[in-house]
Structure formats: C-alpha cells, structure tokens
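Take a look at the structure below.
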Amino acid sequence: SKLAALFEHPLYNIPMPEVTEKDKLFIINPMEKFRLHSSRSDEWVSSSKAETLLPTGKTAYDTYPTWLKFHVGINRYELYPRRDPLLPMLLRDLATQRIISSVQKSGGTQLKLIMTFPNYGQALFKPMKQTREQETPIDFFYFSDFERHNAEIAAFHLDRILDFRRIPPVSGRLVNITKEIRDITTDKKLAKTFFISPAGNVCFYGECSYYCSTEHALCGKPDRLEGSMAALLPDKTLAKRRSWRSPWRRSYHKSKKAEWELNPNYCAQVRETPPYDRGRRLLDLIDMTILDFLMGNMDRHHYETFEKFGNDTFLLHLDNGRGFGTHSRDEPSILAPLQQCCSIKKSTYLRLQLLATQPYRLSDLLREALAADPLAPVLAEPHLRALDRRLGKVLAAVGDCLAR
C-alpha cells in the first residue's frame, strides 16, 4: 500500500503542538454516558448519572456514537488526527447507517439534503447530477457549473493525502429515493416535488435559488441514486463558526474582474490587513489555494474557522462540489495567492515534492484511497492523471518564486 507507506513517512509524522484543554473544541464530562434506549431501539439517550467506569470496564466516552467522538476530537490544530481509528468507522456509518429522516438543507444554489441516522448522527447528502466522464463545457462560467457528488468524496481524500485534514469525512452512498427520502421526509416543500418520469424513474427537484426545477430534476434508476454523504460539523449553536470572505474571491460577474486580477502588488495590501498580517492565516489560505488548483475548483469565495480558537487555527475546506469538473485544461488563476505572495509553508512544499516522486505519486495515492469507497471508481482516470500535471505546475510556481 502506497498510502500506508506515505503515512509512515517522516513528513507525515511531524509532531503536533501539545493540545491543552483550551485547544479543544469541547470539554467533555467523563461522567456523561450514552446508552441504547431499549434493547429493541437504535436510539441513543444521554444518562448524566453514569459512572466513569461502566460494568464492562469501558469509560463513558466508549459509549459515544462515532459522530460524537469525531466532534469531541476536534481541536485548534486539526479536524481529526493523522492516525484516527475513528475514520474507517465514521466512513462506514455514513455509507451504511439506516436513514430515519431526510429534509432539504436551506440556502445554496443546488439541492442538498440533511439525513439523520438512528444514533442522532447527521450527514449532508449531495446527489449525483452528472456522470464522471462529463467535463464542464468550456463556455460555462465557474459559478454556473453543477456541483459534483464525486468531487466531494475525492476532495476529502485529497485533503487528507496533503496532510491538511480540514475537510469533514465524506463517503459515497447509493440511496433509495423512495424509501430513504420520499417516504420518510417531513419536509412538505420537498415532498411536493416528487414525480415519476416518462421512463418510469422516481424523480424530485426540491426548492432552491437556481437548479431546482423539473428541468434539473434528480432521477433514480428506477429509484436508486448516487450521492456523497459528508459528516456534519457540530451545530453552530454549540460550536460557533466564523465565515471569512476570501481576499482572492472572484467577482461572480460575467465581465467584471476582481481587484487581485488587476493589481500585481495585491498581496502587499493583504499582508497588512488582519488577520493576514500575523500568524499562519495567509499560509493556510495558500494551502487551500493549492488544494483548489489540484482539483480545478474556482468557487472558493468564503472559508470558515471555529470562533472559539480566534485567528490561531486552521481553515475549514467546505463545499468542494465544483472541483474535478475538467481534466483537459488547468486554471492558472487559482494559484494567484501563491504566485503573488511567493509564500508557502516549508512542510507543505516538502510534502508536495514527495508527492511528485515515483514511490508516492499523487495520482496513485488518490486512486488507492478512492478504491475503498462504495461508489468506486469515484474519479475518471483522466482526472487522476491531471493531478500529477497540476502538481508539477504548483512546484514550478514555487520554483519561479525561489528564482525571483
């Protein structure tokens, strides 16, 4: 396994700072236990009278559902640890747990569903809109493209291979539209949008700002539909997140250009503006830029951080559905922050160099990681080959900066 060898490499074993209580997103009460409601129920209930050690010899933490252990493990430095034994279990839960509720997520330009499991875990479901072979038409603007369910899955694994670990776990899943959405939804607006197509397939389209209409309906075969299931982050009432507008945000206009596209010295003013004037924030943003360039994602207008940790924490790389839309061409403008600032973390640069070598070739690693997903093959081969080409361009950009 090239992936196992990669995670054993010294560059993937750089020590993390010590995590103190104030660096944890949640301080847990070791006396709080979760237990099954009854022998025939899958529901979890909280029992605050639990003893620290259970009769089985396990601690109360051991009774937590996997999603809750994931939330409890989040800290200032990472969303999940490098060697996280929870990860395979959480991915398996996302792919197999019984769905007891499906409602539409409000906001956004395209349909997404919040799905709830018996243990109170929740996932964000993005349905399949086009095949893996379909490239974004060359005349499409970046903001009018469809989101791809397979891009969300691939982005999570790529983010982990780059050792960023800033995307919540995502698994592919084949969903039964009839039994796992239509028959159990309590969302009346969503329920009204189901119909049977002339081909006899079950379809629905929901309500949203752009791509929710009978012309953009999602149809099963006859009621089976692929999608991505992303583990939800803790509710914002429990763990507030702050949304930041990216300094390199695009204009989202058909003819206007953003300031960074017109001013070659744009980075100088970003460096003088909080929170980019100190700490690791600018370097973290350049990490995100590299991830986006490798995926071909031009749609990074905002990013989020956990409010509890202030400015000294990682960026969350959410909403990656507009990645992996094209493999035959690259978008150099995505690398503008790296090229204009000529800054990169040494650890990131060394890992990128490693991923360009034969034993750790990036495309091979991502292919191996995606092979375990229920919807494999997740990416068409040309997308995997494009990764190696784009990685070469990132390293060339750093080389140009070093030469300057």
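The values are calculated or read from the model by the stated rules, or taken from the named source; none is laboratory data. Source: prediction; values computed, not measured. Cβ: placed from backbone, ideal geometry, glycine included. Neighbour counts: every protein chain shown. We work out accessible area using only protein heavy atoms, side chains counted, and drop any ligands, DNA or RNA first. Shrake-Rupley method; radii C 1.70, N 1.55, O 1.52, S 1.80 Å.
Semi-axes of the equivalent ellipsoid for the chain, computed as √(5λ) from the eigenvalues of its C-alpha gyration tensor and ordered from largest down, come to 34, 29, 20 Å. Using a probe of 1.4 angstrom and keeping all protein chains present, the accessible surface of segment 196-329 works out to 48 square angstrom per residue.
With each label modelled as a point 7 angstrom along the Cα→C-beta vector, the V19-M89 pair spans 1.5 nm.
Counting only helical runs of four or more DSSP H residues, what would the 222 nm mean residue ellipticity of the chain come to if each run contributes -39,500 (n - 2.57) and the total is spread over all its residues? Result for the chain: -8500 deg cm²/dmol, rounded to the nearest 500.
The length gained by stretching the chain between Y61 and L402 to full extension, at 0.36 nm per residue less their Cα-Cα distance, is 117.9 nm. Counting heavy atoms of the protein chains alone, R278 has an accessible area of about 130 Å² for a 1.4 Å probe. Within the same chain, aspartates and glutamates fewer than 8 places from K179 are excluded, and of the rest, those with a Cα less than 16 Å from its Cα are D187, D223, E226.
Cross-link pairs exceeding 26 Å in C-alpha to C-alpha distance, out of K69/K236; K2/K393; K188/K240; K2/K346; K345/K393; K188/K221, comprise K188/K240.
Listed by number, the DSSP H helices of the chain that run 20 Å or longer by alpha-carbon position along their axis and have mean Kyte hydropathy of at least -0.5 are 281-295, 381-403.
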